[in-house]
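Have a look at the structure below, then the notes.
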Amino acid sequence: MVEQVVRSDVVGSLLRPAYLLEARQKLEAGHLAPLEFKQVEDRAVDEAIALQEAAGVDVVTDGEQRRYIFFGQLVEALDGFDKFGGWAIPFRNEAGEEQVVPRPVVVEKLRWRQSMCAEEFTYARARATRPVKATLISAQQAAAFYEPDKSGGAYPSRDAYLADIVDFTRRGVAELGRLGCAYIQIDAPQYAALVDPRWREGYRQRGSDPDQLLDACIEMDNAIIEGHPGITFGLHICRGNYRSMFHSSGGYDPIAAKVFSRTRFRRFLLEYDDARSGTFEPLRHVPEDRIVVLGLVSTKKPRVETVEELRRRIAEATRVVPLDRLALSPQCGFASIMEGNRVSPEDQRRKLEVVVETARAVWGT
């Protein structure tokens, strides 16, 4: 099983090279043919795989080089979304800076246009010498793409829309399974919004019970991942990742009991890079047959963590979860959006290397 061998993990996205960003702009402006752009895109994926394999991580991704944003594969696989027509979400940093990111909004009945991840996975698998994992988004994350005034003509309710999201995502998972994918990660920032007191109160003021939303998250994600033998599923709980900014803060305490015990995920990839993530204490709710991947290496800040400090943090976690049920990764992707976080390619390389070096020092693999 994946959870028995993967000690040094990655979350998904890597910084996009400047030549790829430039090529995408030319493509969208009509100054570059799709075939030429695909060649540029392939080169970026080749480099992303080479970077991870040179660092020595146990499992690799394609770096999400083909996506404009981490959920891009969903929006581009299905007809029915207005790509930038939804309400914007604010991101902040410790310095008080704030930026908003426009979201998609569903405006027509969803229709399957193309595969969600088949190209990403099969291309990466053909070039990688290590296991390749795929990344998809939580159904509840896609709930934010429903706005009654804009979406009501396509779906009478958010639940009706989400039923289609679950069905289409299951179709994407099944396709990955047929192609031989053995590890799929579900990215779920929406869970992290339910740990933030400010967001929780915002839900209440809008007439939604945060705990009922959590129940809905779990039910939908379980519906997506059940019935796919041979695939290990991981849940990545992210507090937002936009140009080194975040959208939520808070420890896992409000969601831990339900998420860790009621979901069917085998691996939990959790952010633990700074004080915003709280303590390791909520990990006591993780069942004995699950793996916790500690996201101790920040993808938001250029400072490279040391092996010594990472080993100390892992030792702290072992007071709650035994060492053989722990693994290590960066806290999130390096570029959840095309522009990427405020770190350099050299910072990124060194951070991947310190994940591997620490994992080998701690687990001997």
message: As a quick test, which of the pairs K83/K109; K26/K83; K38/K83; K38/K133; K109/K258 have an alpha carbon distance above 25 angstrom in this structure?
response: K109/K258
query: Mean separation of Cα pairs under 8 Å and 6+ residues apart, divided by the residue count of the chain: what relative contact order is that in percent?
result: 20 percent
- prompt: Among 268-277, 308-317, 227-236, what's the highest-first ranking by average C-beta atoms within 10 angstrom per residue?
  reply: 268-277, 227-236, 308-317
query: What are the DSSP H helices in the chain that stretch 18 Å or more along their long axis, judged by alpha-carbon atoms, and whose average Kyte-Doolittle hydropathy comes to at least 0.0?
result: 210-225
field: Percent accessible area from carbon and sulfur atoms, the chain, protein chains only, probe 1.4 Å
entry: 50 percent
query: Dividing the Cα radius of gyration by the Kirkwood radius, what Rg/Rh value follows for the chain?
result: 0.94
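The values are calculated or read from the model by the stated rules, or taken from the named source; none is laboratory data. Predicted model, so just to flag it, every value in this text is computed and none were measured. Note: ideal-geometry Cβ built from the backbone for every residue, glycine included; neighbour counts use all protein chains shown. Remember, those area values only see protein heavy atoms, side chains included, never the ligands or the DNA or RNA. Shrake-Rupley method; radii C 1.70, N 1.55, O 1.52, S 1.80 Å.
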